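These notes are about the structure you will find just below.
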Amino acid sequence: NMSLPIIDSHLHLWDPQHIGMDWLAKAVPQIRNKTFLYPEFNEATKGLDIEGMVYLETDVNPAYGLLETQWVVEKLAKQDKRLLGVVAYAPLENGERSRSYVEALVRIGAGQGVTPGDAAHEPTARSFWSSSKPKEPTIIKGVRRLLQSESVDFCVQPDFIKGVQLLADYGLSFDICVKPWHLANAIKLVEQCPGMMFVLDHMGKPQVEAPHAKDKHFAEWSAHITKLASFPNVYAKLSGITTEVDAVNGSAWTVADLQPYFDHYLKSFGEDRIMFGGDWPVVLHAEGVDYKRWVDIAMELTANLSHDTKMKIFNKNAKIFYRL
């Protein structure tokens with residue numbers, strides 16, 4: 001397991017002394033107001049083969065949004081060549097007016113990374129990225145505007161939908177980060193954006209009830225996942241689930257409690273659209289879970305799969321989706 005080269009599709013790094021992140025003052029003690037940069041990451045991943053990482057925006061105070069992106073591109077990406085892509089914040093709820101912001105993002109990332117389409121082998125991704133507009137290399141691969149703490153109707157406002165649609169003009173994907181009760185409307189969003197590439201973060205944050213994982217929450221969640229996966233332009237991250245199971249159950253859960261969720265995820269999305277994400281350091285939320293423990297859990301969940309399938313999930317699919 002330790003020798004599998006990992007592309008981590010979901011990494012956070014932050015320095016709250018440098019960039020405003022009000023939520024961090026109220027976070028769990030494991031991460032509250034603490035700095036997490038490469039020294040901490042390298043310590044946390046010691047012994048693992050981390051081939052590359054994608055940086056995800058960290059819900060900074062909106063006024064710091066562009067500054068966060070600038071800091072990641074101009075500083076962090078240069079400090080460690082394994083940082084291959086950035087998913088940035090943008091205020092997409094501003095609709096057409098968010099275009100100026102997205103164009104600023106693209107300018108910040110210009111000249112770094114690979115040209116969209118270079119790494120794409122999977123038909124859906126290839127046809128989308130080769131027809132998308134920007135041909136210059138950029139390290140900015142996508143946008144995430146967090147939806148998990150918004151009302152369920154936030155992501156179906158006409159302006160928000162317009163903001164997501166315009167990302168396609170710049171060859172950018174969108175990370176869907178929602179709670180289970182947002183999934184029905186997330187599906188409506190996807191329906192209205194056939195020209196976009198999407199990836200679901202953290203398995204849609206299911207409310208995992210251990211040890212009886214086949215409850216009503218599971219039925220609702222699994223139906224939404226099946227529907228979401230029916231759109232070929234939606235990919236999915238294997239990430240964030242230990243944080244959710246811990247929130248409901250404390251530490252009284254086992255990997256077996258998570259297995260039905262992963263099995264359904266795999267059945268729905270298939271081996272070509274699921275990618276591993278570490279969600280570090282948020283992954284420290286769950287008691288007794290750190291980066292290595294989460295990798296072990298992900299390996300356990302995928303234990304019955306072939307080496308080739310594991311290579312897709314832990315490495316190749318992220319490269320294809322994010323054009324790394």
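The values are calculated or read from the model by the stated rules, or taken from the named source; none is laboratory data. Just so it is clear, the model here is predicted, and its values are computed rather than measured. All Cβ positions, glycine included, derive from the backbone under ideal geometry; neighbour counts span all protein chains shown. Heads up: the accessible areas ignore ligands, DNA and RNA and are worked out on the full protein's heavy atoms, side chains in. Shrake-Rupley method; radii C 1.70, N 1.55, O 1.52, S 1.80 Å.
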Problem set entry | Long-range neighbours under 8 Å by Cβ, at least six apart or interchain, first residue under 21 Å from Ile6 (Cα atoms) within the range 71-95, second charged (D, E, K, R) | Arg82/Glu51; Gly85/Lys141; Gly85/Arg323; Val86/Lys141; Val87/Glu57; Val87/Lys141; Val87/Arg144; Val87/Asp175
Exercise. Just to be sure, is Leu84 of a type in the set (A, V, I, L, M, F, W, C), over 13 Å from Gly109 (Cβ atoms) and either at pLDDT below 95 or surrounded by 22 or more Cβ atoms within 10 Å (Cβ to Cβ) (or both)?
Worked result: no
Exercise. Is at least one residue of the range 7-22 open to solvent by less than 70 Å² (accessible area, probe 1.4 Å), among the polar types (S, T, N, Q) and out of contact with any Lys or Arg (no Cβ under 7 Å at 6 or more places or on another chain)?
Worked result: no
For this session: Could you identify the single residue in Ala63, Ala90, Ala44 that is of a type outside the set (Ser, Thr, Tyr), modelled with pLDDT under 95 and either in contact with a Phe, Trp or Tyr (Cβ under 8 Å, 6 or more places away or on another chain) or more than 23 Å from Val295 (Cβ to Cβ) (or both)?
Result: Ala63
Exercise. Name the pairs whose Cβ atoms lie under 9 Å apart, with the first residue in the range 16-41 and farther than 21 Å from Leu67 by Cβ, the second in a helix (DSSP H, G or I) and among the basic types (Lys, Arg), and 6 or more positions between them or separate chains?
Worked result: Arg32/Lys26
Exercise. If you go through the range 251-265 one residue at a time, do you hit one that is more than 23 Å from Leu56 (Cα to Cα), of a type in the set (Val, Ile, Thr), in contact (Cβ under 8 Å) with a residue 40 or more places away in the chain and not in a loop (DSSP other than H, G, I, E, B)?
Worked result: yes
